[in-house]
Amino acid sequence: MRQGGVWMSQDRFLEVDVGVGYSTDPDSRRAGSEAASKAVKVSGDPAVAFLFTTDSYDQRAVWESVKGVIGDSKLVGVCAGGIIVGDSVLRRGVCILTLSGDGLRVATSLQRGLSEDPRGAGRRVGEELLSGGLRRGTVFVFPDGFAADISKALRGLYDAMGPDFTYVGGGAGDNLNFFRTYQFNEKGVQSDALAAAVLQGVSMSTAIACGWKPRGEPPIITRAQGKTVFEIDDRPAFEVYSELLGGIPPRQFAEYGMRHPIGFPDIWGNYVIRDPWKLNPDGSIEFVTEVPEGAVGYVMTYSQDLVVQSAARAVRKAVEGIQPRFVLVFDCISRYLLLGAAFADEMRAIRDVVGSKVPLLGMLTFGEIGHHGDVPFFHNKTLVLAIAATAATGQRRANIGDGRDHDEVVTGELSALYEISRMSRDKPNRALEEVLSDLMGRTPRLFGVRRYALFLGPRDSRRLIASLGFRDEAEALKQIERTAEEGFRFDLGEGGRLGMLYMEKGGPLERREGRLHEMFARQLEEILLRKLQEQERQRVFEELKESEFRFRALVEQSLVGVYLIDSDRFLYANEALARMSGYSQKELMDLRPIDLIHPADRSKAAELIDRSLKGEVQFIRFSFRAVTRQGRTVHCETFARALEIGQRRLIIGTAVDRTEQKRLEEQVRRGQKMEALGRLAAGIAHDFGNALTAIRGNIELALLKLHEQSPLWQNLHSAHKVCDLAAETVRKLLFFGQQQPIVKSSVDVNGLVQETLHVLDRLLGEDISVFTELDPRLGPVEGDPAALSQVLINLLLNARDAMPRGGTIRIATTAVKLRDEDVLQHDPEARPGEFVCLSVQDTGEGMQQDVLEKIFEPFFTTKRGAGSGMGLAVAYGIAKEHGGWISVESKPAEGSTFRVYLPISGQVRRKHVPQEAVTDQLDTQGETILVVEDDEEIKRMVEMALVEAGYRVLSAAGVREAIARFEAVDGRVDLLLADVVLPDGDGVELIEWLLRRKPTLRVLITSGYTGQRSRAEKIRGRSFAFLQKPYSLTKLLGAVRSALKGDRR
C-alpha cells in the first residue's frame, strides 16, 4: 500500500535471516564463491539470493560459483556499472544478499528477447511469476538497460500481475561501455533479457528521490518515436533544447545532456526524468529510454545539496513507523558520476536514517524502476530504495502530494491541463484505436492511476480498446461493477452510446483529481467524436472512390469510345477513343472534336453539336467518317446527349467504330451484287448458248454441202467466225458467273506466270517492259491451270490497254498470312488465312473511285469503241471460283495494282503442264444414237449432223418420249446423247433409268448450265462424258466418237 509517498507491501511480519557478502577478488569464480559463502554463513540456506556483479567479471563463471554455494535456492540479479556495499561503491566486485525464513515464498523468471518484443517479454515474466500461486508481495525487476523500450516491458509485466504488487528494481549496465549486459536467475545467464523475482513474506517499503528542479518555460514534445525526439515545439529538437539552455555547442551536448535531463511532471509535481545521451546528425535527440510524444516537459537542473537532501527526505519517509531490516539501493550511475565525492554524502544520509547496523547494498543502475503514483515506471537520474521492515508501528496513509511545495503542485497541474488541451492535435492519419491507446497511456504519468479501461461502442456491444492493470476484459468489467470511491467512471457520448472510460487510483479521489479526470474524459470524448466523424467521412470517401473506380473501370475498359465535350474541346476521352483516333488521351485534350471528323461530314457534325448545346436537341445519333492521326478513314457512329454540370451545358457520348461492320456490309452488298450479275450472266449465256449451238451447227452443216469457191460458202464461213466469237463471249459470261466447269489440281503459280508470259510476250508490245519478282519459296495452290492462266492473261492485257504510250508492268508473287486485324486494311471480301498473292502493277493512267467500284462488272469498259468489258469480270469470277478474291488499288496518273489472293494448297507443288488439243478421227459404224433435247432447233441440227456422219438417230424432246423411243426399239441403242435439263424431268435420272435396263449403254451429256442445275457434281461422280454448250459440229462429232469408243461412263 501507499503511505506518505512511500510504498509499503502488505505482508505481515515474519522472522527473516539476512546475509550479505561481497568480494573484490579479481578471479571470477573465487569472487562469486567468497561473496556467497559470507552471505550464507549468516543467513543459512537461503530461500532467495540477490546477486549483483560488475562488468569486469566472467558473468557465467561468477554465476556457477554462486550456484555451487547456494545450491537449488532461488536466484535473481544482474551485472552493473558498480555495486553499493554499506557506504562504499565498488567499481569491481561481487555482492550477494541472501534471505532465509520459514515463511518466505519466492518465484523467479528470466525471459529473453527483450528488445524484439518488450511487452511480450514482460507479460511472459509476469505469467511465470504468478504460476507459483503468489498473489501479493514485492516484485524485483532487472531488465537489460540497453533494451529498446523497457517501459513497454513494465507495461506487459504490470498487465499480467496487476496493482496488488509493489515493483522495484534497476536496469543492468556495463559501466557505460554500451556493449552487453547480463541477467541471472537460478536457471541461467542471459543477455537482452528481463529477470524478475516476486518475494512474499517480508514487508517492503519503497521510495523514490531525484532532487532535480525545473528551469525556464516548459517545451512540448511535438514529434517523437520511441527513444528519439525529432521536434520540440514543432522545431528541430536540438535547436529548442539548446535555446532553453542559452545556446550550447553540439560537441558539448553529452556534457549538457547529463546535467540537464528533461522532466515530465504529474499533477502533484512529481517528475519522470528522461536522460538525453546522443545528438543525431538530423538534429534529433536520442534518449536513454522512450519519451512520450505530446507531453509537457521541463529542462531540469540540479545541485549536489538538493540531490542529497532529496535522498534523505525519501529515506525518512520510507522508514517512518517501521524498523528497517535491510536496504536495497538502486541509484542511477549518472547521478553517481555527477555527485562525485558527494555520492558518499548521499549514502551517509541514507545510513544515518536506517542505522549503521542495517545491511545496505545495491547497484549503480542504467535506469531505475519504481512507482510513479500507483504504477511502476522506468526512471532516469533517480534513486529508488527498497527497505525491508521487521515491524510496522503507527503507519498512516497519506496522499501522494504530501510534503510537496504548493508551487510545484500548481506547476504540475498546469502542465497536465496544457497537455490535455493539446490532445486534440493528434495526427489525423492515425488509426482511432492507436490514438486512444496512446492517450490512455498518458494517464499513469499525469494522474498516477493504477488501472484504467476504455471501452468503445454502446452498452450491448462494447469492446475493450485500451487497459492497464487488467489481465483481460472480463477482469476489467468485474472491477468496474464494484467500483468504490477510488474509481472514476465516465460514459462517453449521450447515454454512453460511444463507450465508457474507467480510471482507478490507490486511494480515494480528491476533488481536483475528479475535475481533471473529467476534463480528460471530455477531451477524449471530443476526440472520439471527431475521429468517428473522420471515419464516417473516410468511409463515404472510400465509397465514392470505389464508385469512381467502378465508373472509371467501366469507362476506361469499355470497348467503345467515351467522351465529354463542350463546343470546341474535349474535356474527357477514354482509352478506346484514343485508340480509335490514333491519338493519345493527352493529345485529344488539345484537339477540337470537329478536327477528328472527315471534312465532308464536319458541317453536319458542327450543326448537331451547336443545336445540342443550345438545347434544341437532347439526343444525338449520327453516323460519320473520322480521320485518324495516320490519315486513315474510319466509319463511326455516335450516340450522345446533352447534360448540365454546374453552370455549363456539355455533351457526353459514345463513339463506335463501324469500319469493320461497313466492310462486312460492303462485302455482303458486293457479293450479292456480283452473285446477281453472275446469275444473270449465266442465264444469258445459257439461252444465248442454245441459240448459238443451233446457228453454228446449221452453218457448219451448210458449209459441208457447199464448195469453198461458192459465194454462199464465203458468207456462211464469215458467219461461222462470228459464231466462234460469240461462243467465247458465252464462255466468259460463264466464267464470271462461276458457271464454267474447272478441273482443279496442284498449281505452281510461279511456273504458270512464266508460261503465260512466254505466250503473251509479243501481244504486250515492244514498248512495255515486264519485270517479275517471284518468291521461290511459294507454296502451290489448288486450281485449274487454264483458268488461272486466263486470270493472268486478262490482268496483263488490261495493264497493256491502260498504257497506250508504253510503260512498265511488274508481276510479283508472295505468300501472305492475314490476321483478323489485317483484314480491315484489305478488300471487303478479304478473310483471315494463308494465301498466295499474285500482283500485277502497271504505270498506266490509273482510275477514279467511281470506276473502281464498277471495275469487275461484266460489259463495263472505259475503252471507247474497243473492249468487251469482260476481261476483269472473268478474272474476278475465276478467283472467286478458286476460293479467293481480287483487290485493286489505283489513283489517276499513278497506275494500278491488281492483287489476286488464292488459298495455299496443302498438296505437293508441281509444275504447270499445258494441255494439248486432241483431234479424233471420225470412224462411224452406223451406231444408233438416242438424242434427247428440248430445244427443237438444236435437236434438228444434231440429228442432221449425226445422220450425215453415218449414225442412226432416234430423237426425243423429253424424258417420257425418250423412254418410249428406247422401248420401241427394245433398247437397241448404242449411245444416249441427252440434255441435263428437260421440260418433263431430269436428264441424269433418265440416264440412270436407262442404264438399269441396259448397263452397256454409252452416255454423253450436254448442257448450257454448269451450276446447280447442270448436276455437274453428280455427272463427275458417275464419270459421264460431258459436252458444254455452245459447241461446234466438230466438237459434237468428236465427243460422240469418244463416248462410243470408251467405257459407258
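Of all residues in segment 73-104 being assigned to a strand (DSSP E or B) and over 21 Å from T365 (Cα atoms), which is farthest from the chain's Cα centre (by Cα)? Lay out the reasoning, then the answer.
Restricting attention to segment 73-104, the residues satisfying the condition of being assigned to a strand (DSSP E or B) are 74-80, 83-85, 88-90, 94-100.
When the remaining residues are screened for being over 21 Å from T365 (Cα atoms), the result is 74, 99-100.
Working: K74: 58, L99: 66, S100: 68 Å.
Selected residue: S100.
Hey, could you check segment 555-568 for residues that are exposed (fewer than 14 other Cβ atoms within 10 Å of the Cβ) and within 14 Å of G653 (Cα to Cα) and say which is modelled with the highest pLDDT? Step by step, filter segment 555-568, then rank; the result is L559.
Taking the condition aromatic (F, W, Y) and modelled with pLDDT under 90, does Y418 pass? First the steps, then the outcome.
Details: aromatic (F, W, Y): yes; modelled with pLDDT under 90: yes.
So Y418 fits the description; yes.
Checking each residue in segment 457-512 for being assigned to a loop (DSSP other than H, G, I, E, B), more than 46 Å from the chain's Cα centre (by Cα) and not aliphatic (A, V, I, L, M) picks out R482, T483, E485, E486, K505, G506, G507, P508, E510.
All told, D920 falls short of being charged (D, E, K, R), modelled with pLDDT of 85 or more and part of a loop (DSSP other than H, G, I, E, B). Going residue by residue through segment 612-619, is there one that turns out to be in a helix (DSSP H, G or I) and under 25 Å from L643 (Cβ atoms)? Yes, that holds for at least one residue.
Examine segment 1005-1021 for a residue that is at pLDDT 85 or above and aromatic (F, W, Y), and state whether such a residue exists. No, that holds for no residue.
Considering (1) under 23 Å from A61 (Cα atoms); (2) among the basic types (K, R); (3) in contact with a strand residue (DSSP E or B) (Cβ under 7 Å, 6 or more places away or on another chain), the lone condition that R136 does not fulfil carries the number (1).
How many of the residues making up segment 213-245 are farther than 30 Å from H406 by Cα and part of a loop (DSSP other than H, G, I, E, B)?
Here is the first cut: in segment 213-245, the ones farther than 30 Å from H406 by Cα are 223-231, 234-239.
Those left that are additionally part of a loop (DSSP other than H, G, I, E, B): 226-227, 234.
Of the residues in that region, 3 qualify.
So for segment 246-261 (the condition being touching an Asp or Glu at 6+ places or on another chain (Cβ under 8 Å), under 21 Å from G171 (Cβ atoms) and either assigned to a helix (DSSP H, G or I) or among the hydrophobic types (A, V, I, L, M, F, W, C) (or both)), does at least one residue qualify? Yes, segment 246-261 contains at least one residue that is touching an Asp or Glu at 6+ places or on another chain (Cβ under 8 Å), under 21 Å from G171 (Cβ atoms) and either assigned to a helix (DSSP H, G or I) or among the hydrophobic types (A, V, I, L, M, F, W, C) (or both).
Just so you know, in segment 559-594 the residues that are part of a loop (DSSP other than H, G, I, E, B) and touching a Leu at 6+ places or on another chain (Cβ under 9 Å) include one that is farthest from I645 (Cα to Cα), and it is Y583. Among the residues in segment 544-556, are any in contact with a strand residue (DSSP E or B) (Cβ under 8 Å, 6 or more places away or on another chain) and closer than 30 Å to G469 by Cβ? Among the residues of segment 544-556, not one is in contact with a strand residue (DSSP E or B) (Cβ under 8 Å, 6 or more places away or on another chain) and closer than 30 Å to G469 by Cβ, which makes the answer no.
Name the single residue, out of those in segment 775-790 being assigned to a helix (DSSP H, G or I) and out of contact with any Phe, Trp or Tyr (no Cβ under 9 Å at 6 or more places or on another chain), that is surrounded by the most Cβ atoms within 10 Å (Cβ to Cβ).
Within segment 775-790, the match that is surrounded by the most Cβ atoms within 10 Å (Cβ to Cβ) is L788.
Being closer than 20 Å to L872 by Cα and either at pLDDT below 85 or in contact with a Gly (Cβ under 6 Å, 6 or more places away or on another chain) (or both) is a property that I855 has. Within segment 812-827, being surrounded by 13 or more Cβ atoms within 10 Å (Cβ to Cβ) and either modelled with pLDDT of 75 or more or in contact with a His (Cβ under 7 Å, 6 or more places away or on another chain) (or both) holds for A812, T813, T814, A815, V816, L818. One residue stands out among those in segment 49-62 that are of a type in the set (A, V, I, L, M, F, W, C) and surrounded by 24 or more Cβ atoms within 10 Å (Cβ to Cβ): the one that is farthest from Q200 (Cα to Cα), which is V62. Looking for something touching a Lys or Arg at 6+ places or on another chain (Cβ under 7 Å), over 24 Å from T411 (Cα atoms) and either modelled with pLDDT under 90 or not in a helix (DSSP H, G or I) (or both) - is there at least one such residue anywhere in segment 292-313? No, every residue in segment 292-313 fails to be touching a Lys or Arg at 6+ places or on another chain (Cβ under 7 Å), over 24 Å from T411 (Cα atoms) and either modelled with pLDDT under 90 or not in a helix (DSSP H, G or I) (or both). Selection of segment 990-1001 for residues being over 21 Å from K939 (Cα atoms) and either assigned to a loop (DSSP other than H, G, I, E, B) or of a type in the set (S, T, N, Q) (or both) yields K998, P999, T1000. Residue pairs, Cβ under 7 Å, 6 or more apart or interchain, first in segment 978-989 and assigned to a strand (DSSP E or B), second of a type in the set (F, W, Y). List them. Here the result reads V981/Y1009, each pair linking segment 978-989 to a residue that is of a type in the set (F, W, Y). A residue that is buried (at least 20 other Cβ atoms within 10 Å of the Cβ) and either in contact with a strand residue (DSSP E or B) (Cβ under 9 Å, 6 or more places away or on another chain) or part of a loop (DSSP other than H, G, I, E, B) (or both) can be found somewhere in segment 522-538.
Determine, yes or no, whether D610 is over 14 Å from T654 (Cα atoms), loosely packed, with under 13 Cβ neighbours inside 10 Å and in contact (Cβ under 8 Å) with a residue 40 or more places away in the chain. First the steps, then the outcome.
Values: over 14 Å from T654 (Cα atoms): yes; loosely packed, with under 13 Cβ neighbours inside 10 Å: yes; in contact (Cβ under 8 Å) with a residue 40 or more places away in the chain: yes.
So D610 passes the test.
Can you confirm whether segment 136-148 contains a residue that is in contact with a helix residue (DSSP H, G or I) (Cβ under 6 Å, 6 or more places away or on another chain), on the phi < 0 side of the Ramachandran plot and surrounded by fewer than 22 Cβ atoms within 10 Å (Cβ to Cβ)? Scanning segment 136-148 turns up no residue that is in contact with a helix residue (DSSP H, G or I) (Cβ under 6 Å, 6 or more places away or on another chain), on the phi < 0 side of the Ramachandran plot and surrounded by fewer than 22 Cβ atoms within 10 Å (Cβ to Cβ).
I'm trying to understand the selection: among the residues of segment 188-242, which are polar (S, T, N, Q), touching a helix residue (DSSP H, G or I) at 6+ places or on another chain (Cβ under 6 Å) and under 23 Å from D275 (Cα atoms)? Talk me through it step by step, then tell me what you get.
Applying the first criterion (polar (S, T, N, Q)) to segment 188-242 yields 190-191, 200, 203, 205-206, 222, 225, 228, 242.
Next, only the ones that are touching a helix residue (DSSP H, G or I) at 6+ places or on another chain (Cβ under 6 Å) stay: 205.
Of everything in segment 188-242, nothing turns out to be polar (S, T, N, Q), touching a helix residue (DSSP H, G or I) at 6+ places or on another chain (Cβ under 6 Å) and under 23 Å from D275 (Cα atoms).
Return the residues of segment 186-222 that are among the basic types (K, R) and under 30 Å from I232 (Cβ atoms); say none if nothing qualifies. K213, R215 - these are the residues of segment 186-222 that are among the basic types (K, R) and under 30 Å from I232 (Cβ atoms).
The values are calculated or read from the model by the stated rules, or taken from the named source; none is laboratory data. As the structure is a prediction and not an experimental result, all values here were calculated from the model. Positions of Cβ are backbone-derived with ideal geometry, glycine not excepted, and every protein chain shown enters the neighbour counts.
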